[in-house]
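Notes follow once the structure below has been shown.
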Amino acid sequence: MLEHAASALFLDPGLGKTSITLAAIKLLKQKKLLSKVLLIAPLRVCHLVWPLEVTKWTDFNGLKVVVLHGPGKDELLKTEADIYVINPEGLDWLLQAKKSKTVTGKTKVEVDLRRFKSLGFDTLVVDELSKFKHTNTNRFKGLKHVLNTFARRWGLTGSPASNGLLDLFGQCFVLDQGRTLGPYISHYRMKYFVPSHDGFNWSIREGAEQEIYDRIKPLALRM
């Protein structure tokens, strides 16, 4: 995480994803290479994991965490902190997202990019990265607009491909904007998968599994 601006920890539960990430944040802050972190996590994790982990370890007592949730979140956003934690459902508020329908019936998401840039986040951490595995969701479409405003993008999950390797595309895109698996999921599917017999799903092409692992090897640590 210190050496790679785009990186993922695919670690099983209990192996320390939270404390590893906090240690990386602290070290980069000390070197003045990082100033303000936006951390996206499930709501329960926002309240019960990140703030408590900071208070539990004396190493991290100097880090201030605020949770952007509830009626006071506008004021909390204005406070000085190191890590601002928000749940995926809160992204609409943070990004000032506006949704509309295209002529084909798909949902188009637009964000207030200028306002978001003014907030000064330079590092993105997505805890439970698999929440962004589907590229057709509004949360993915909104976040996609602001990915290039971050100098660093880190992702954490213990189950990156619970439903198959197609799940990896969206997660890797959040971290590296297509460098690892390409910019379009349609190209990724055609390159590594074949249509299933039922015509509704995709099966991994013979030999493609190892090719995908080789592609993501520089991006992710798996334990």
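Quickly run through the range 97-130 and pick out the residues that are surrounded by 14 or more Cβ atoms within 10 Å (Cβ to Cβ) and not aliphatic (A, V, I, L, M).
Answer for the range 97-130, where residues must be surrounded by 14 or more Cβ atoms within 10 Å (Cβ to Cβ) and not aliphatic (A, V, I, L, M): 110, 112, 116, 121, 122, 123, 127, 128, 130.
Rundown of residues vs (1) free of Cβ contacts under 8 Å to residues at least 12 places away in the same chain; (2) closer than 26 Å to residue 181 by Cα; (3) crowded, with 17+ Cβ neighbours inside 10 Å, yes/no style:
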| position | (1), (2), (3) |
| --- | --- |
| 4 | no, yes, no |
| 14 | yes, no, no |
| 24 | no, yes, yes |
| 30 | yes, no, no |
| 41 | no, yes, yes |
| 47 | no, no, no |
| 60 | no, no, yes |
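Looking for something open to solvent by 40 Å² or more (accessible area, probe 1.4 Å) and closer than 25 Å to residue 221 by Cβ - is there at least one such residue anywhere in the range 150-161?
Yes, the range 150-161 has at least one match.
Scan the range 82-106 residue by residue and report those that are free of Cβ contacts under 8 Å to residues at least 40 places away in the same chain and more than 18 Å from residue 126 (Cα to Cα).
96, 98, 99, 100, 101, 102, 103, 104, 105, 106 - these are the residues of the range 82-106 that are free of Cβ contacts under 8 Å to residues at least 40 places away in the same chain and more than 18 Å from residue 126 (Cα to Cα).
Report, by residue number, each residue of the range 173-202 that is farther than 19 Å from residue 137 by Cα and small (Gly, Ala, Ser).
Matches in the range 173-202: 196, 199.
Please work out which one of (1) in contact with a helix residue (DSSP H, G or I) (Cβ under 6 Å, 6 or more places away or on another chain); (2) modelled with pLDDT under 95 is the condition residue 70 fails and give its number.
That leaves (1) as the condition not met.
Give the range 131-153 a look and list any residue that's assigned to a helix (DSSP H, G or I) and touching a residue at least 40 places away in the same chain (Cβ under 8 Å), or say none.
Scanning the range 131-153 gives 131, 132, 138, 139, 142, 143.
Out of the residues in the range 162-181 meeting the condition of being of a type in the set (S, T, N, Q) and open to solvent by 30 Å² or more (accessible area, probe 1.4 Å), tell me which one is farthest from residue 1 (Cα to Cα). Let's see the steps before the verdict.
Our first condition is that a residue be of a type in the set (S, T, N, Q); within the range 162-181, this holds for 162-163, 171, 177, 180.
Still in the running and open to solvent by 30 Å² or more (accessible area, probe 1.4 Å): 162-163, 177.
Working: 162: 23, 163: 26, 177: 17 Å.
Selected residue: 163.
Quick one: how many residues across the range 107-127 are assigned to a strand (DSSP E or B) and either over 18 Å from the mean Cα position of the chain (by Cα) or without any contact (Cβ under 8 Å) to a residue 40 or more places away in the chain (or both)?
4
Looking only at helices (runs of 4 or more DSSP H) that lie completely in the range 48-95, which have at least 3 residues being among the charged types (D, E, K, R)?
73-78
Quick test for you: out of 156, 166, pick the one residue that is outside any helix (DSSP H, G or I) and of a type outside the set (Asp, Glu).
Going through 156, 166 in turn, the sole match is 156.
I'm told residue 184 meets every condition in (1) open to solvent by 70 Å² or more (accessible area, probe 1.4 Å); (2) in contact with a strand residue (DSSP E or B) (Cβ under 8 Å, 6 or more places away or on another chain); (3) over 26 Å from residue 11 (Cβ atoms) except one. Can you identify the failing condition by its number?
Unmet for residue 184, out of (1) open to solvent by 70 Å² or more (accessible area, probe 1.4 Å); (2) in contact with a strand residue (DSSP E or B) (Cβ under 8 Å, 6 or more places away or on another chain); (3) over 26 Å from residue 11 (Cβ atoms): (2).
Out of (1) of a type outside the set (Lys, Arg); (2) in contact with a Ser or Thr (Cβ under 9 Å, 6 or more places away or on another chain); (3) assigned to a loop (DSSP other than H, G, I, E, B); (4) in contact (Cβ under 8 Å) with a residue 12 or more places away in the chain, what's the single condition that is false for residue 172?
(3)
Where residues in the range 189-223 are in a strand (DSSP E or B) and touching a Leu at 6+ places or on another chain (Cβ under 9 Å), which of them is nearest to residue 6 (Cα to Cα)?
Among residues in the range 189-223 that are in a strand (DSSP E or B) and touching a Leu at 6+ places or on another chain (Cβ under 9 Å), the one nearest to residue 6 (Cα to Cα) is 220.
For the range 175-188, which residues satisfy the criterion of being of a type in the set (D, E, K, R) and either at positive phi or part of a helix (DSSP H, G or I) (or both)? Don't jump to the end; show me each part of the working.
Residues of the range 175-188 of a type in the set (D, E, K, R): 176, 179.
Within the range 175-188, just 176 meets the criteria.
The values are calculated or read from the model by the stated rules, or taken from the named source; none is laboratory data. Everything numeric in this text was worked out from a predicted model, so none of it was measured. Here Cβ is always computed from backbone atoms with ideal geometry, including for glycine, and neighbour counts include all displayed protein chains. SASA here: full protein model, heavy atoms, side chains in, ligands and nucleic acids out. Shrake-Rupley method; radii C 1.70, N 1.55, O 1.52, S 1.80 Å.
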